[in-house]
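Everything below concerns the one structure shown next.
The values are calculated or read from the model by the stated rules, or taken from the named source; none is laboratory data. Quick caveat, the model's predicted, so the values are computed rather than measured. Quick reminder, even Gly has a Cβ in these numbers, built from the backbone with ideal geometry, and neighbours come from all protein chains shown. In case anyone asks, the SASA skips ligands and DNA or RNA and just uses the protein heavy atoms, side chains included. Shrake-Rupley method; radii C 1.70, N 1.55, O 1.52, S 1.80 Å.
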Amino acid sequence: MAIPIEKREAKTPQGVERMPEHRVFMPRADIYETADGIVILADMPGVDENGVDITVEDDVLSIYGTVQPLDLKGHEAAYAEYEVGDYERAFALGEEFDIEKISASMKDGVLKLVLPKAVQARTHKIKVKSE
């Protein structure tokens, strides 16, 4: 049985004013670790590669996705189950990631971020020899 998932509005940090005034949602994300780093998959339906802004500042990775609302050309929706809005989310990073080599791609409304580990943070397997 599938559990319905509702979009959650992103929280604005205290003392910060959001401009312009429109709905901004926090995209759901899956994060998994690989041998060389981590991968983040963020669901941002309605966003294409031109509508995504990704920055890293003070060890915080921020993503922002802009959605272009549907133009109904003189019509008005009688009922809508899906709210349109932009997407915003931030992730705290440590020094173990090589921010110069972060890559991003967008496909079918899913943002894929690959964050490689810095060389000094990678796990090194040490082979044990018998004497």
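Using 0.36 nm per residue and subtracting the Cα-Cα separation, the extra length available between residue 101 and residue 29 on full extension is 23.9 nm.
Across the protein chains, with a 1.4 Å probe defining accessible surface, the residues 59, 71 rank 71, 59 from largest area downward.
Loop-resident chymotrypsin sites (Phe, Trp or Tyr not before Pro) (DSSP state other than H, G, I, E or B) in the stretch 81-131 with no more than 11 further Cβ atoms inside 10 Å of their Cβ: 82.
A DSSP coil position with no more than 16 other Cβ atoms inside 10 Å describes the following trypsin sites (Lys or Arg not before Pro) in the stretch 30-116: 73. Surface calculation, 1.4 Å probe, protein heavy atoms: residue 96 sits at approximately 80 Å² accessible.
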